[in-house]
Amino acid sequence: MASALRILNIVAFDETGNAVVFPLKKWKISYQARQACIEVKCDGYAKTYNLRTDVVAVGVGEPTNKVSIGKTLGRVALTGLLHGRHAASADLRWGGVDRDESQEIYLVMDDTTRVCMEMDGSDFDDLAELLPDAAKDDDAQARVQKLLERIKAMVADGDRVLDELTAKRQTLDAERVALLQKVTDGGSFDERHEARERETQIGQQLNELAMVQRAVLYDFAVIRTSQRLKAEQAEKDRPKPPPLIEKAAGNKPMPLPSSAANLKLETVPERKTSFLSKVVKVVVWLVGAFAGFIFNGFLGLLLGSSSVWFLLIVTLPLGGWLALKMLAALMRR
């Protein structure tokens with residue numbers, strides 16, 4: 001059995017012929033060895049590939065060795081069961097861990113879908129018996145790789161390639177019909193034999209052409225879907241302009257809301273200074289003036305009383321004014 005499967009490229013069309021485009025990480029892939037098939041699913045879509053007929057090329061990657069924990073534990077457990085705990089410990093120390101050799105197998109289907117499988121060597125031998133002989137030919141990988149490069153170049157050339165492929169298919173179909181007539185009604189063996197060989201070649205060309213057409217159509221669908229998603233994301237990321245504000249016509253006042261119809265504007269009466277506050281201010285002013293008098297007396301002691309007494313007319317009102325300012329600052333707090 002394959003230990004790991006992943007899809008590298010998918011070419012999928014629904015029953016109506018429309019491409020089914022999903023990211024690779026959303027696809028689920030399963031390998032049924034008994035039915036010799038691989039099934040891919042995504043969001044209700046499912047497609048089954050027959051390994052006996054649908055594989056056109058197979059490639060084998062480099063083999064890798066991986067630790068097999070299950071085999072190692074099973075071996076050690078059996079040794080311990082038969083010979084005891086010390087024997088199990090010795091088996092693990094000297095026998096080491098078991099390793100499984102696996103390798104990657106790349107399968108290319110007849111619609112260019114590519115699948116990678118990782119499996120043991122013995123399982124790969126069983127898988128190889130199921131695959132068509134043509135897919136295992138030495139030149140199958142080179143032929144398919146060349147075809148994939150051709151498909152890539154066709155997609156880069158534009159939509160006109162689709163019309164050219166359709167015209168080529170019609171020409172081959174017409175030639176094949178004429179050859180089938182010669183195969184049965186040819187006048188000689190050589191003519192009938194040559195018609196049979198040519199008809200076989202045209203059949204192979206038509207199969208390859210059908211593969212190319214599906215791949216090109218799907219690639220175009222992927223490109224269109226990617227462009228659409230990018231455009232939608234760019235539209236989401238684009239900053240939206242601010243809403244327009246209608247200007248009021250002329251100098252007309254804005255209408256009042258209906259809830260303001262019953263409102264009445266009342267004038268706030270001026271606050272009157274109380275008698276007590278006036279008394280407080282007078283007392284504070286007197287205290288400040290007294291402080292100014294004390295300050296003036298202190299200067300008289302320092303500088304001489306005869307030279308500073310005329311400053312009373314300045315220190316008394318200045319002290320009162322400073323006291324009132326201090327009172328106002330305290331009231332604001």
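The values are calculated or read from the model by the stated rules, or taken from the named source; none is laboratory data. Since the structure is predicted, the reported quantities are computational estimates derived from the model, not experimental observations. Virtual Cβ from ideal backbone geometry, glycine too; neighbours counted across all protein chains shown. Ligands, DNA and RNA are excluded from the accessible area calculation, which covers all protein heavy atoms including side chains. Shrake-Rupley method; radii C 1.70, N 1.55, O 1.52, S 1.80 Å.
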- Task: Specify which of the listed residues (Leu131, Leu92, Leu82, Leu78) is loosely packed, with under 12 Cβ neighbours inside 10 Å and either farther than 29 Å from Leu51 by Cβ or at pLDDT 60 or above (or both).
- Result: Leu82
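One line per residue, one yes/no per condition, for (1) surrounded by 11 or more Cβ atoms within 10 Å (Cβ to Cβ); (2) in contact with an Asp or Glu (Cβ under 7 Å, 6 or more places away or on another chain); (3) modelled with pLDDT under 75:
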position	(1), (2), (3)
Val280	yes, no, no
Phe298	yes, no, yes
Leu311	yes, no, yes
Pro317	yes, no, no
Ala329	no, no, no
- Is it true that Asp120 is open to solvent by 60 Å² or more (accessible area, probe 1.4 Å) and modelled with pLDDT under 90? no
- Task: Restricting attention to the range 46-62, report how many residues are in contact (Cβ under 8 Å) with a residue 12 or more places away in the chain, closer than 18 Å to Arg6 by Cβ and part of a strand (DSSP E or B).
- Result: 9
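Considering only the range 158-175, I want to know if a residue exists there that is open to solvent by 30 Å² or more (accessible area, probe 1.4 Å) and touching a Lys or Arg at 6+ places or on another chain (Cβ under 9 Å). Show your work before the answer.
To start, the set of residues in the range 158-175 that are open to solvent by 30 Å² or more (accessible area, probe 1.4 Å) comprises 159-160, 162-164, 166-171, 173-175.
With the extra rule that they be touching a Lys or Arg at 6+ places or on another chain (Cβ under 9 Å), the set shrinks to 175.
Within the range 158-175 (the criterion being open to solvent by 30 Å² or more (accessible area, probe 1.4 Å) and touching a Lys or Arg at 6+ places or on another chain (Cβ under 9 Å)), the answer is yes, since at least one residue qualifies.
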- Among (1) more than 28 Å from the chain's Cα centre (by Cα); (2) at pLDDT 90 or above, the one test that Ala12 misses: (1)
- Among the candidates Thr184, Thr200, Thr166, which residue alone is among the hydroxyl-bearing types (Ser, Thr, Tyr), under 24 Å from Ala153 (Cα atoms) and in a helix (DSSP H, G or I)? Thr166
